[in-house]
1. Filter the stretch B:108-128 down to residues that are under 19 Å from the mean Cα position of the chain (by Cα) and assigned to a loop (DSSP other than H, G, I, E, B) and give me whichever is surrounded by the most Cβ atoms within 10 Å (Cβ to Cβ).
2. Would you be able to tell me the number of residues in the stretch A:221-233 that are surrounded by fewer than 20 Cβ atoms within 10 Å (Cβ to Cβ) and outside any helix (DSSP H, G or I)?
3. Is there a residue being part of a helix (DSSP H, G or I), among the charged types (D, E, K, R), under 29 Å from residue B:70 (Cβ atoms) and away from chain A (no Cβ under 13 Å) anywhere in the stretch B:159-182?
4. How many residues are of a type in the set (Ser, Thr, Tyr) and closer than 18 Å to residue B:74 by Cβ when one looks only at the stretch B:228-278?
5. Going residue by residue through the stretch A:43-59, is there one that turns out to be in contact (Cβ under 8 Å) with a residue 24 or more places away in the chain and exposed (fewer than 15 other Cβ atoms within 10 Å of the Cβ)?
6. Looking at B:41, B:49 in this structure, which one is away from chain A (no Cβ under 14 Å), free of Cβ contacts under 8 Å to residues at least 12 places away in the same chain and of a type outside the set (S, T, N, Q)?
7. How many of the residues making up the stretch B:87-107 are aliphatic (A, V, I, L, M) and surrounded by 17 or more Cβ atoms within 10 Å (Cβ to Cβ)?
8. When you go through (1) surrounded by fewer than 18 Cβ atoms within 10 Å (Cβ to Cβ); (2) among the charged types (D, E, K, R); (3) within 9 Å of chain A (Cβ to nearest Cβ) one by one for residue B:193, which number turns out not to apply?
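The values are calculated or read from the model by the stated rules, or taken from the named source; none is laboratory data. Being a predicted model, the structure only gives us computed values, none of them experimental. Neighbour counts run over all protein chains shown; Cβ positions are idealised from the backbone, glycine included.
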Amino acid sequence: MTNDAATAILDQNEESLEPADSTLRSVLGSMLTLIALIVLWEALVRHFQIPGWLLPSPSAIAESMLEWRSELVLHTAVTLYETLVGFALSIAVSIPLAVAVVYSPILQNTIYPILLALQSTPKVAIAPLLALWIGFGAAPKIIVVFLVCFFPIVVATASGLAAVPAPLIDLIRSLSASPMQTFIKIRFPTAMPHIFVGLKIAITFAVIGAVIGEFVGSENGLGYLILVSTSQSRTPLAFGALVLLTVMSIVLYYAIALIERIVVPWAPRN
Amino acid sequence: MRLTPRQLVLTRTSDRGHGAAARHKAGMSKIRIDGLSKTYASRSGRVTALDNVSIAIKPNEFVTLVGPSGCGKSTLLKVIGALIRPTRGVLFFDGDPLLHPTRDVGIVFQEAVLLQWRSVLDNVLLPAEILGLDKRKSRARAMDLINLVGLGGFEGRYPRELSGGMQQRVSICRALIHNPSVLLMDEPFAALDAMTREDLGFELMRIWAADKKTVIFVTHNITEAILLADRVVAMTPRPGRIARIVDIDLPRPRTIAMEFTAQFKSYSDQVREVIYHA
């Protein structure tokens, strides 16, 4: 057998067979568990005759989601819009800022420590102030989303840019590479997997940020819908909005993970 | 065209006239180090990594630096690559003081440090891209090198698909792509298993025989140091010093069988003596 063929077989064993198999098994396992939990929930609510305004059954939630579907779609669109715009804005600002911080000793010693200290400020606590300053439109929600996404992306990008192995730095120095060459050919690609770790953290925060923004003051969005429907004892509808928020969060996370696989296929997978 | 510091130095010296040019060619050391010291500031005070080290290395010579950890062998290699400045002393490259890294050097490290997002071929081509060398010629040379190290057919593979030994072969190709006259190797086989390590040692000697270069090879393995070298430089720690230089008068090509000769043992004893007496 040639070396080539041996390696090819090795690849198959290590890369395609095992993970695909175990991924399928874990997806199937968790789906079955989820279904079992929903059935148990339904059974418990019926058995103990828990009132719908307190804890609706899964079937009642589904029913109310169907009934309110056009409203739900509208409010989902609003929250999704705020989330995505805030997230995109955050990427556009924080990645260049991280690059600037890594390359400028001045920024590194002035702005960066302040940024890291501000990271401990609970960003959602700023939401009421934003409502006070900017009002009830989409803008204050987008800003909350921007703020909660900002730090994970800045920190991940900055640490990624600094993660170039020391021998590699020596190698490119020995070739007298320009800073631009070093950035494009080495630093940025090295940082990419780290950046995606930051993006995946940020996107889950983003949905939370949008909902908090809507809680504080809003006329639409899923956060607003939860607030209004609980106050009117339409608990099944609040649960419906919660389901949609969860689904949105999961879908966005996996969308980022998918983009990661396409853009940085060399990133370590967990 | 952008001139590297070394090219500038060469241009300047050739301007000086025939005398200087002739001085370059006639039996000049490839690399010469005079009274070189390097001290680092550390928490526990100043550490002397290298203390008054002098050595002259001839063109196309294969020199190994051997010694225990902390003897300054890797520091010496980095000084020769002009990657770190000595605290005292001068480094001469082709007879001229060298202050900045030169493109005439290729480097191999203990870790292959390949770029995970580049294929084998593109990893080998990295230095050529940075130096702005002719693309078509570089590609042809890269393929020659890849074939030379026995990786023909793997040029499209990615580092994660390769074993440690194969990755290190790629990093050797990368160090040679721009055809430097000096190859610096910092414990290049230390992370590999014993058998791969031996294979690669012989492979390196084969490459070196086919395309002569000045090789400076750092190792802590005495057998490897003797088997590969024209000269073994034995170093001792605290402070890092050259304790003994042993000329290895074994015929080439070298073979495993030579390791069991009395001559080899005598070389080994000469090296061990100074390393373990320090």
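1. Once the filter is applied, the top-ranked residue is B:109.
2. 2
3. no
4. Residues that pass the stated criteria total 1.
5. Looking for residues that are in contact (Cβ under 8 Å) with a residue 24 or more places away in the chain and exposed (fewer than 15 other Cβ atoms within 10 Å of the Cβ), one finds at least one in the stretch A:43-59, hence yes.
6. The match here is B:41.
7. Qualifying residue count, the stretch B:87-107: 4.
8. If we test residue B:193 against (1) surrounded by fewer than 18 Cβ atoms within 10 Å (Cβ to Cβ); (2) among the charged types (D, E, K, R); (3) within 9 Å of chain A (Cβ to nearest Cβ), just (3) comes out false.
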